[in-house]
Structure formats: structure tokens, C-alpha cells
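Following: one structure in C-alpha cells, then a few remarks.
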Amino acid sequence: MHILLTGGTGLIGRQLCRHWLAQGHRLTVWSRRPDAVARLCGAGVRGIGQLEALGAEPVDALVNLAGAPIADRPWTHKRKALLWSSRIGVTETLLAWLQSRAQRPQVLISGSAVGWYGDGGERELTEDSPPVSEDFASQLCIAWEETAQRAEALGVRVVLVRTGLVLSQEGGFLSRLLVPFKLALGGPIGNGRQWMPWIHINDQVALIDFLLHQQDASGPYNACAPKPVRNREFAKALGASLHRPAVVPMPAFALRVGLGELSLLLLGGQRATPARLLAAGFTFEFNDVRAALDDVTSRL
């Protein structure tokens, strides 16, 4: 199978490339840095800077994971514009490319996030749940999904992967927590009651591969472990995995002052569950957050 990826040099994309290379698939990554693709993704992965470089070469599947990191810095007007263009703008470019082709991929697997729901409070959120609140992150994900779904009019099956907080030893949000927690300065954020929908990187890669091969898969899927945890439980588990106490809280007011609107991501949460994945027969390797964190931290 020939798979075209965007965001292939990112945290999830790199792992997908290694997984699919081992399965014998042919991989192409559309990237702003095509010369770095083979080094980051694997020697057998081709990097291209323009979609036109594919010519009429058939593509069987398109995996769209492109997007600037949402929690790296405060949401200034300039940052919001970048977050929007790196997701919606890139997806619109892919749609134009798809429309120009005589042979189109059978499936588009497009990234999204559980932030689609907004701050869900205590509600349990399945794929059938509507958005609860529409903060910037929710609006961003809603627009991203709506843009990707336009590929259905071109005869392409569309799968939307609403990813939670990915636990990996190679980066992501966990890397920003390690230093304070290793220094015994970690702890709950705000009151610690907000829900954290988490997922181990192995399960994230496995479920995307699973959905790629399910011919009837379409629409949204919550990519998070079946047992979300509250922030204070997550902090306690991470501290235990690192053999450190986790009792130093991060006051909510300090986050609001320092991060502005971005603080909503940290102080809110989603009690999201992967109802559709479980119904489709997907089996998670990691269901317990402590076991997942033990596995990740043992590889650091």
C-alpha cells in the first residue's frame, strides 16, 4: 500500500512510519523539510516538498496529521493564525490536490483532538456527544473536521481521529512535565479535578493502523484509553513512576496570568471514552495510566 502522510515528522507520524515500514508499505511524507524525512522517519521513507512531485503516481491512503503544537506557547492572534493555517489551510490544500487527481486514495485519516468537545466537566463524552463548549481549541477542531469531511464528496472515505494526551518517551506534553516532576516540583494543576483523556503511543499507532484496514470505518473516533483519569490522579501516577512526590500544585490563577486563554486547555478537560473503537473490536494494550507511565518512563 502506498500511504501519503502529512505531519509525518511529528511525534505520532514518526512512529507510524516505523510501524508501516516494518509492514512493507510504501511511504511518502509531505513536509516543509523533505530532506530531513528519511533521517526522522526511516531510510525507506520518501520526503516531498510539493504534492505535485507525486505526479500521477497512485496513492492508496492519505493520513493527515499536520498541525503546529497547540500548547507550546500562549494563543496570541499570530499564534492562533498559525494553528489555524497549519490545520485547516493544509487540509484545504489536500482537498484541492485530491480534486485534481483522476485516481484518489480510498481513505483519508485526518487528525483531530478530544478538544473538539470543549471543556466537558463531569459529562462522559462519546463520539455521539455534541460539543459542550466552544473555546478556541474546540472551534479549531470543529473546523478541521468539517474541512476534512469535504473529501467524502470526492468519493474518499473519511476517518477522524480525536486524539487525547499522548504518552510517549519521545516528546509530546509529557516531556514538559518531566523536569518539574523529577525535581519533586510536580503536582496537580488547579484543583486537579479536571479529566485527562490519555493514550499510550503504542495504542495511538495501533488504532490508526486498525482504522486504516477497517473498510467500513468512517467518521469520528475518540483516540484515548477506556479509563480517563482526573489530573490529580495522573500527577500522583507520574510521581510514583518517577519515584518522586507529586504534591506541589500549580495554582489556577498563575496559569491564567501566565498563559491567558491557553490556560483553558490545562484547567478544563474531557471525560472522553473510545466507544466506537471498542465497538469495532479494537483492543488497547494499555488501560491503566500507571502501567502506561511506568512503560514510558522506563524507556527514558
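The values are calculated or read from the model by the stated rules, or taken from the named source; none is laboratory data. Everything quoted here is computed from the prediction, not taken from an experiment. For neighbour counting, all protein chains shown are included, and Cβ atoms are generated from backbone atoms with ideal geometry for every residue, glycine included.
Before moving on, here are some points about what is shown:
- Exclusive hit being in a helix (DSSP H, G or I) and farther than 28 Å from Gly111 by Cβ, set Ala240, Ala246: Ala240
- Test: residue in region 183-195 that is in a helix (DSSP H, G or I) and either of a type outside the set (Ser, Thr, Tyr) or closer than 22 Å to Leu242 by Cα (or both): no
Okay, residues lined up against (1) modelled with pLDDT of 95 or more; (2) not basic (Lys, Arg):
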position	(1), (2)
Gln149	yes, yes
Glu152	yes, yes
Gly155	yes, yes
Val158	yes, yes
Arg162	yes, no
Gly171	no, yes
Leu177	no, yes
Phe181	no, yes
Ala184	no, yes
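- Taking the numbered list (1) charged (D, E, K, R); (2) closer than 21 Å to Trp144 by Cβ; (3) surrounded by 21 or more Cβ atoms within 10 Å (Cβ to Cβ) in turn, Arg276 passes all entries but (3).
- Test result for Ala153, surrounded by fewer than 18 Cβ atoms within 10 Å (Cβ to Cβ), of a type in the set (A, V, I, L, M) and in contact (Cβ under 8 Å) with a residue 24 or more places away in the chain: no
- Every condition in (1) touching a helix residue (DSSP H, G or I) at 6+ places or on another chain (Cβ under 8 Å); (2) within 24 Å of Val205 (Cα to Cα); (3) not acidic (Asp, Glu) is met by Pro69 except one, and the failing one is (1).
- The lone criterion from (1) under 28 Å from Ala279 (Cβ atoms); (2) among the small types (Gly, Ala, Ser); (3) at pLDDT 95 or above left unmet by Gly49 is number (1).
- Residues of region 166-182 satisfying the condition of being among the polar types (S, T, N, Q) and outside any loop (DSSP other than H, G, I, E, B): Ser175
- If you filter region 162-193 down to residues that are of a type in the set (A, V, I, L, M, F, W, C) and touching a Pro at 6+ places or on another chain (Cβ under 8 Å), you find that the one that is surrounded by the fewest Cβ atoms within 10 Å (Cβ to Cβ) is Ala184.
- Conditions (1) in a helix (DSSP H, G or I); (2) modelled with pLDDT of 95 or more; (3) under 20 Å from the mean Cα position of the chain (by Cα); number of the one not met by Ser112: (1)
- Residue match in region 134-146 (condition: in contact (Cβ under 8 Å) with a residue 40 or more places away in the chain, of a type outside the set (S, T, N, Q), in a helix (DSSP H, G or I) and more than 12 Å from Ile88 (Cα to Cα)): yes
- Residues that are modelled with pLDDT of 95 or more, surrounded by 17 or more Cβ atoms within 10 Å (Cβ to Cβ) and touching a strand residue (DSSP E or B) at 6+ places or on another chain (Cβ under 9 Å) do not occur anywhere in region 248-260.
- Against the list (1) buried (at least 21 other Cβ atoms within 10 Å of the Cβ); (2) modelled with pLDDT of 95 or more; (3) under 22 Å from the mean Cα position of the chain (by Cα), the condition Gly269 fails is (2).
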